[in-house]
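Undergrad: The structure is given below, and queries will be raised subsequently.
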């Protein structure tokens, strides 16, 4: 009994010791485990460095973007630090973000966010591949080993991977682009003659339009301006706008009329659509009236309208190029670039390049399908009868431009599109379609004239066809209306029309 009692005392002492040890351990502070950046959402990443980025964090809360930046993404964030924000406030004559309107703060923040993951290895000389949350393209340049965004913000710390995207730290706030392309040029001192000439030629108001009514919606207007700096004018004996007028005025009509040589010269430098240096390729680029075009050849330089006999050719001046505006981009050029007489060249019309499609969320992204039901009023330059018109995009090796096309519902239908202006000339017209068992057979009408050929798309003798439709010989440069009408019911998948000059 004495042994048993002694044994129980030992057990009791042992249990008390164990419990004491556990109590001591429970009262100790737990070791902090640092979460790696790649496991943090963007907002958590910013919060963890409040010394440097508290201003951005507060603005994200103020503009209701904190929730978005804590979602799955992916996002690309250009992140300015507190010092960059203080410098920005001072630049704008403000003391703090409280001196800005809610809308200004929202635009400022969204200007730094892209709904896609873009690393610095994807950045080059021109625009980034995706629009930011304002619908604008940010511009990147590569001076030496540096990367600069929108001409002012250097990336100081690159490619920080987080759980919902990628962060690039920058040294300056990226000011939202708000001005039209004419106002932007006017404020650049190196283009004083060119900007005054645009106004006299009657082009300034047009070039400051950012949006226009289009169908039932609003379309973003986009331009590319090939601007001649004062230094280039001066090298050619032009020291003011009157010298420029004297050189190109043919005394036909007023200076702001389309037949006047001075107006013709100025309009020749205004291209439709926006082309940064990163997306200029070899090919033809129409001016805004589509009465003429310029031709780019891209090699070590961007040569414009060059020929084998040219010892001096027109090219872009990198220092003065890729200047963004709200509705386009400005490139400086090193020569006067007088207009050339337009000659027919191959023109390809992509049926999905209308603004209503291009502004769609998911445009040119595989898996995007959208149906439209108002065939008379829904689009400015597309009309149809039938159940619906469909925008369809799927990456499956179709040969379609952007892997997308127009689709009409099965049955009998009509589909009419108004093409942009095409230079006068003699062309062979072909259309690119997908064939199949449920496809329609169709006939074409061009400018109201029926083409006496049935395009047979119902069948399996090859899934895709680039079918000749007809030849045309146009004596004027103008828009043309193309209409498709079913003669055998079915659906259609139509990608493009091609106009090849006939020699």
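The values are calculated or read from the model by the stated rules, or taken from the named source; none is laboratory data. Bear in mind that the values here come from a model prediction, so they are computed numbers and not experimental data. Every residue, glycine among them, receives a Cβ derived from its backbone with ideal geometry; neighbour counts consider all protein chains shown.
Undergrad: If we scan the stretch 159-167, do we find a residue that is more than 27 Å from residue 268 (Cα to Cα) and without any contact (Cβ under 8 Å) to a residue 60 or more places away in the chain?
TA: So far as the stretch 159-167 goes, yes, one or more of its residues are more than 27 Å from residue 268 (Cα to Cα) and without any contact (Cβ under 8 Å) to a residue 60 or more places away in the chain.
Undergrad: OK, next. When you scan the stretch 229-289 for helices (runs of 4 or more DSSP H) that lie fully inside it, which ones turn up with 3 or more residues that are outside the structural domain of residue 476 (by TED's automatic domain parsing) and crowded, with 21+ Cβ neighbours inside 10 Å?
TA: Hits in the stretch 229-289: 261-267.
Undergrad: Tell me which of these residue 265 doesn't satisfy, since it passes every other one: (1) within 27 Å of residue 189 (Cα to Cα); (2) touching a strand residue (DSSP E or B) at 6+ places or on another chain (Cβ under 6 Å).
TA: (2) is the only condition that residue 265 fails.
Undergrad: Same structure, new question: Applying the selection to the stretch 455-476, what residues are farther than 18 Å from residue 491 by Cβ and in a strand (DSSP E or B)?
TA: 466, 468, 469, 470, 471, 472, 473, 474
Listed here are the residues, each with its yes/no results for (1) more than 30 Å from residue 503 (Cβ to Cβ); (2) surrounded by fewer than 14 Cβ atoms within 10 Å (Cβ to Cβ); (3) modelled with pLDDT of 95 or more.
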site	(1), (2), (3)
334	yes, no, yes
349	no, no, no
355	yes, no, no
360	yes, no, no
365	yes, no, no
378	yes, no, no
384	yes, no, yes
403	yes, no, no
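Undergrad: Right, here's the next one. Among the candidates 324, 338, 355, single out the residue that is within 20 Å of residue 224 (Cα to Cα) and in the same structural domain as residue 495 (by TED's automatic domain parsing).
TA: The unique qualifying residue is 355.
Undergrad: Within the stretch 281-313, which residues are touching a strand residue (DSSP E or B) at 6+ places or on another chain (Cβ under 8 Å) and free of Cβ contacts under 8 Å to residues at least 40 places away in the same chain?
TA: 281, 282, 283, 287, 296, 297, 301, 302, 303, 305, 306, 313 - these are the residues of the stretch 281-313 that are touching a strand residue (DSSP E or B) at 6+ places or on another chain (Cβ under 8 Å) and free of Cβ contacts under 8 Å to residues at least 40 places away in the same chain.
Undergrad: Of all residues in the stretch 432-448, which are within 26 Å of residue 293 (Cβ to Cβ) and surrounded by fewer than 20 Cβ atoms within 10 Å (Cβ to Cβ)?
TA: Those that are within 26 Å of residue 293 (Cβ to Cβ) and surrounded by fewer than 20 Cβ atoms within 10 Å (Cβ to Cβ): 446, 447.
Undergrad: Let me ask something else about it. Of the numbered conditions (1) assigned to a strand (DSSP E or B); (2) out of contact with any helix residue (DSSP H, G or I) (no Cβ under 9 Å at 6 or more places or on another chain), residue 452 fails exactly one; give the number of that condition.
TA: For residue 452, the failing item is (1).
Undergrad: Which fully enclosed strands (runs of 3 or more DSSP E) of the stretch 132-217 have 1 or more residues being closer than 26 Å to residue 230 by Cα and assigned by TED's automatic domain parsing to the domain that holds residue 241?
TA: Here the list is empty.
Undergrad: Do you know which residues across the stretch 302-323 are modelled with pLDDT under 90 and in a helix (DSSP H, G or I)?
TA: 319
Undergrad: Let me ask you something else. For the stretch 117-157, enumerate the residues that are surrounded by 15 or more Cβ atoms within 10 Å (Cβ to Cβ) and at positive phi.
TA: Of everything in the stretch 117-157, those that are surrounded by 15 or more Cβ atoms within 10 Å (Cβ to Cβ) and at positive phi turn out to be 126, 150.
Undergrad: Give the stretch 75-111 a look and list any residue that's within 14 Å of residue 45 (Cβ to Cβ), under 22 Å from the mean Cα position of the chain (by Cα) and assigned to a loop (DSSP other than H, G, I, E, B), or say none.
TA: Result: no residue meets the conditions.
Undergrad: While we're here: Picking from 485, 429, 407, which residue would you name as being under 27 Å from the mean Cα position of the chain (by Cα), in a strand (DSSP E or B), at pLDDT 95 or above and surrounded by 14 or more Cβ atoms within 10 Å (Cβ to Cβ)?
TA: Exactly one of 485, 429, 407 is under 27 Å from the mean Cα position of the chain (by Cα), in a strand (DSSP E or B), at pLDDT 95 or above and surrounded by 14 or more Cβ atoms within 10 Å (Cβ to Cβ), namely 407.
Undergrad: Next question, about the same structure. Tell me, please, whether a residue that is in contact with a helix residue (DSSP H, G or I) (Cβ under 9 Å, 6 or more places away or on another chain) and without any contact (Cβ under 8 Å) to a residue 60 or more places away in the chain can be found in the stretch 426-436.
TA: Taking every residue of the stretch 426-436 in turn, none turns out to be in contact with a helix residue (DSSP H, G or I) (Cβ under 9 Å, 6 or more places away or on another chain) and without any contact (Cβ under 8 Å) to a residue 60 or more places away in the chain.
Undergrad: Let me ask something else about it. Given 335, 340, which one is touching a helix residue (DSSP H, G or I) at 6+ places or on another chain (Cβ under 8 Å) and over 20 Å from residue 184 (Cβ atoms)?
TA: Every option except 335 fails the conditions.
Undergrad: Quick one: what pairs do we get from the stretch 59-88, first residue at positive phi, second crowded, with 18+ Cβ neighbours inside 10 Å, C-beta under 6 Å, 6+ apart or different chains?
TA: Matching pairs, first to second residue: 73/164; 73/165.
This table checks each residue for (1) surrounded by fewer than 20 Cβ atoms within 10 Å (Cβ to Cβ); (2) over 21 Å from residue 342 (Cβ atoms); (3) at pLDDT 95 or above; (4) in the same structural domain as residue 394 (by TED's automatic domain parsing).
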{"site": "460", "(1), (2), (3), (4)": "yes, yes, no, yes"}
{"site": "463", "(1), (2), (3), (4)": "yes, yes, no, yes"}
{"site": "477", "(1), (2), (3), (4)": "yes, no, no, yes"}
{"site": "496", "(1), (2), (3), (4)": "no, yes, yes, yes"}
